[in-house]
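Below is one structure; the comments refer to it alone.
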Amino acid sequence: MSENLTPTQAAAVPAQAPAPADRPRRDRSEPMFPDGPAADPAGSHHERRIRSFQPRRSRVTPGQGEALRRLWPTWGLDIDGLSRLDLGELFGDPALPVVLEIGFGMGEATAQMAAADPGTGILACDVHTPGQGNLLNLAERNGLTNVRVANGDAIILLREMLAPDSLAGLRVYFPDPWPKKRHHKRRLIQPEFLTLAATRLAPGALLHCATDWEPYAEQMLEVLTAAPEFENTQADGGFAPRPEFRPLTRFEGQGLDKGHVVRDLLFRRKTA
């Protein structure tokens, strides 16, 4: 006890630091961006199931955060599954054909495709907050009015919020391959997904997948070939060469430098 120490011993005892003042902390339940993408837009009003994605809320840069704060109310939407989307109203043009892109990463390729084809709307869906902010930034910087960013589960978007035959195309570039065998059930390209997607694609619309994971590419080809609603655009029934409209991304280039083989699959929804 300090009261039993001699004056010399007491002087040697370091002084106890004063307790730090209480600092206000952000409640983790509060949204990072009050008018931006919600953490779980569908909440608990939709069934819990095996997900093909993992939400990633990594560090958002100041520029991305500013884009989310300013642009999300105009160019963003949360996938809450509560109402049907009017794509013509969403893009401000009832005649604009709209392609759904599931998983866009940081959005560079999406922005390039939007710039190269201003006559097509791109509804870009992802759960990666920094990527959402980055794509909004790129869209504003390049004057891209044909991009909208959707936050949440693409399955709920397709099933609950999009009308039948409403999409002019569907793009799934480099989805998570879930390489471990016990996780293969989480892969997005499955028969059930294709059945749902076919109901939302217009007849003749293109489904375009790409992956650099060879086992997943083989599974995609097998599942798509067996899907009665789709037909391969390749006469030989195999993989397609990379079409010019799909940009070569930095991530893809790094993979190619390491010897990865990138496979493209181009299937159309049958017209009859």
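Quick note: the coordinates plus some simple rules give every number you see, no bench work behind them. Note that the structure is a prediction, hence the values are computed from the model and not measured. Glycine also receives a Cβ, built like all others from the backbone with ideal geometry; neighbour counts cover every protein chain displayed.
Projecting the Cα atoms of ALA202, TYR173, PHE239 onto the charge dipole of the range 140-272 (Cβ charges, centred on the Cα centre) puts TYR173 farthest toward the positive pole. For a Förster distance of 25 Å, can you work out the FRET efficiency between the beta-carbons of ALA235 and ARG182, rounded to the nearest 0.05? Computed FRET efficiency for ALA235 and ARG182: 0.10. Assuming 0.692 mPa s and 37 °C, estimate D for the range 185-247 with Stokes-Einstein, Rh taken as the Kirkwood radius over Cα pairs, in µm²/s. Result for D is 259 µm²/s. When the alpha carbon gyration tensor of the range 166-271 is reduced to an equivalent ellipsoid, its three semi-axes come out at 22, 17, 12 angstrom, largest first. Our summary of shape: the Cα atoms of the range 106-154 have principal axis extents of 26, 20, 15 Å, ordered from largest down, in whole angstrom.
Each peptide among 149-159, 106-116, 74-84, 248-258 gets the average number of other Cβ atoms lying within 10 Å of its residues, and from highest to lowest they stand as 149-159, 106-116, 74-84, 248-258.
How much length is gained if the chain between ALA115 and LEU82 is pulled fully straight, taking 0.36 nm per residue apart and subtracting their Cα-Cα distance, in nm to one decimal?
Working: separation 33, 0.36 × 33 = 11.88 nm, distance 3.13 nm.
Once the chain is fully extended between ALA115 and LEU82, it gains 8.8 nm.
Remark: spin-label model distance THR61-THR225 equals 4.3 nm, labels positioned 7 Å along the Cα→Cβ axis. Label separation (GLU244 vs LEU196): 3.5 nm, computed from points 7 Å beyond Cα along the C-beta direction.
Starting from the Kirkwood radius over alpha-carbon pairs of the range 116-205, derive D by Stokes-Einstein at 4 °C in a medium of 1.567 mPa s and give it in µm² s⁻¹. So the translational diffusion coefficient is about 88 µm²/s.
Quick check: residue separation of ALA38 and ARG70 times 0.36 nm, minus the Cα distance between them. What number comes out in nm?
Working: separation 32, 0.36 × 32 = 11.52 nm, distance 1.50 nm.
Going from the current span to full extension adds 10.0 nm.
Each Cα pair under 8 Å and six or more residues apart adds its sequence gap; the mean of these over the residue count of the range 140-272 is a relative contact order of 28 percent.
Consider all pairwise Cα distances in the range 221-272 and report the whole-number % of them above 14 Å.
Numbers: 790 of 1326 pairs.
So the portion of pairs separated by more than 14 Å is 60 percent.
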